[in-house]
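Asks: Structure incoming, see below.
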Amino acid sequence: MGSLSEPTPESNYSKPPGIRFLEYIKGTKLSYKTHQAIVLIVTFLAYASYHATRKTTSIVKSTLDPESSDVGLKFTPWRTSYSEEPAKLSWKAGDGWAPFNGPDGTALLGELDVAFLGVYALGMYFSGQLGDRLDLRIFLTVGMVGTGLFTSLFGVGYFGNIHSFWYFLVVQMVAGLFQSTGWPSVVAVVGNWFGKSKRGLIMGIWNAHTSIGNITGSLIASALLSYGWGWSFVVPGLMIVFIGLVVFLILPVNPESVGADKENDELHYPKKIGEGVTEPLLNSETVVQEKAVGFITAWKIPGVAPFALCLFFAKLVAYTFLYWLPFYITNTAIDGKYLSSTTAGNLSTLFDVGGVLGGILAGHISDRLGARAITAASFMYCAIPALFFYRSYGHVSLTVNIILMFITGMFVNGPYALITTAVSADLGTHSSLEGNSRALATVTAIIDGTGSVGAAIGPLITGYISSTSWSAVFTMLMAAALIAGLLLTRLVVAEVTAKIEESRSQGGSASRSPVQALEV
């Protein structure tokens, strides 16, 4: 077909060398479904590696600051000087690492978290704009290699016997900047290849990369602690660099970049998209004419603001667990016993295992109901009692702790996964864009960037109030979950109204999205 061959020289993208090699070996073009499989696998591995590098800090915290439970958590924002102990010629687990093993060690670790997440959130807004204007394959590769480099540099502090707080601070900030390239890029690429009909389920399964990455990062970091905490950063850093090279070699950004013809693939998911411009991303004829959507324009898309604000509070809860759960476990007596840093790190992975199931359930339910907002809000409301029971009864026994942690992870990560994937992709292909596909990365960055601000604030507040009471921390998390659900009230009402009208008229086999419902 002429429409598939003509746009190639005009496209902003070029066919990846790995795809060319596979086609050379096979002797023919890869099918549309094969490209889809490659996209899902490669982007899954890519973002799992992002989270694996992000998780290491929480595992190493109690090793860098082993006396934190005795000195308390006293935050002093951005002090001008830090006590630095003389360099140690040897190190063993339990010694801690200057400057984090002093009286203000936990405060310094908390400031590293805030610096990382603050730069990450800010960088997300710029990454979205860049992602809609650059070759996403190259953009993602640069981000992954940069992330691996600066994650490894944090571990180099161990091998180089570095005890300067400012070294670790700068490394974490630059790592946060490179990390911000990941999410807008992978969601935009997946959104380019999959339509809305089963987007919730597909992305719910695909979004398991977040939890798989957290689990992998936890297990690797925990396993390497006995060899020296530096390895807990260097090895994940090298892993993401390797996967970044795989992205460069094989990731097809969109169907046009590889000349894929969806019309000849009868079984591929977005077969129902011939209805107007609600799925413009697979229409090769519009690509040449498209112009990236502006930041303010993207904010005005119906549904972007409420979902972005909801994610602010949802990620506040999720990232508090991401950064503080292993630390909380080591400082909480379970059945009268305190667990080691390694055991606590391994145990904390069950929160992410629950998150995998939660993301899949949220995506599948939202597809079946045709109601993203109702699903997300319901999960957030269910997270409130889950948080309460985990705090109140998690100490009774290890078995009870595991069960309650799993349930909490399911309800906390379910809406987080749904909003950052299917909802973002839905809004990035909204009909108000009139067929313009160059908005996915920007919309995704706005929603996840706003959520990342909450992700930075949650761990910071936890550092302040946990010195008084961990119960106060969980009260804050329950309040955040409640607010997250309430922020979707307008969308929930619109979806319920649309469902009632649809039931009355008995018209239309496809349910409307929450954004379409808002336009009624």
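The values are calculated or read from the model by the stated rules, or taken from the named source; none is laboratory data. Everything numeric here is computed off the predicted structure, so don't read it as measured data. Positions of Cβ are generated from backbone atoms using ideal geometry, with glycine treated the same way; all protein chains shown enter the neighbour counts. Heavy atoms of the whole protein, side chains included, go into the accessibility calculation; ligands, DNA and RNA do not. Shrake-Rupley method; radii C 1.70, N 1.55, O 1.52, S 1.80 Å.
Asks: Determine which single condition Gly230 fails, assuming it passes every other condition in (1) open to solvent by 10 Å² or more (accessible area, probe 1.4 Å); (2) at pLDDT 90 or above.
Replies: In the conditions (1) open to solvent by 10 Å² or more (accessible area, probe 1.4 Å); (2) at pLDDT 90 or above, Gly230 misses (1) alone.
Every residue, every condition in (1) among the basic types (Lys, Arg); (2) at pLDDT 90 or above; (3) surrounded by fewer than 21 Cβ atoms within 10 Å (Cβ to Cβ); (4) in a helix (DSSP H, G or I), yes or no:
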| site | (1), (2), (3), (4) |
| --- | --- |
| Gln129 | no, no, yes, yes |
| Leu134 | no, no, yes, no |
| Thr141 | no, yes, no, yes |
| Gly176 | no, yes, no, yes |
| Ala188 | no, no, no, yes |
| Gly200 | no, no, no, yes |
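Asks: Still on this structure, please answer the following. State yes or no: is Leu219 surrounded by 19 or more Cβ atoms within 10 Å (Cβ to Cβ), modelled with pLDDT of 85 or more and in a helix (DSSP H, G or I)?
Replies: No, not satisfied.
Asks: Quick check on region 154-173: of everything there that is farther than 15 Å from Gly96 by Cα and open to solvent by 40 Å² or more (accessible area, probe 1.4 Å), which residue is farthest from the chain's Cα centre (by Cα)?
Replies: Gly160
Asks: Kindly state which helices (runs of 4 or more DSSP H) lie completely within region 1-110 and contain at least 1 residues that are farther than 26 Å from Ala208 by Cα, at pLDDT below 85 and open to solvent by less than 70 Å² (accessible area, probe 1.4 Å).
Replies: 2-5, 7-10, 32-64, 68-71
Asks: Given the condition touching a helix residue (DSSP H, G or I) at 6+ places or on another chain (Cβ under 8 Å), over 19 Å from Ser378 (Cα atoms) and not aromatic (Phe, Trp, Tyr), answer yes or no: does some residue in region 358-366 qualify?
Replies: no
Asks: Any idea which of Gly358, Gly394 is under 23 Å from the mean Cα position of the chain (by Cα) and either at pLDDT 85 or above or open to solvent by less than 10 Å² (accessible area, probe 1.4 Å) (or both)?
Replies: Gly358
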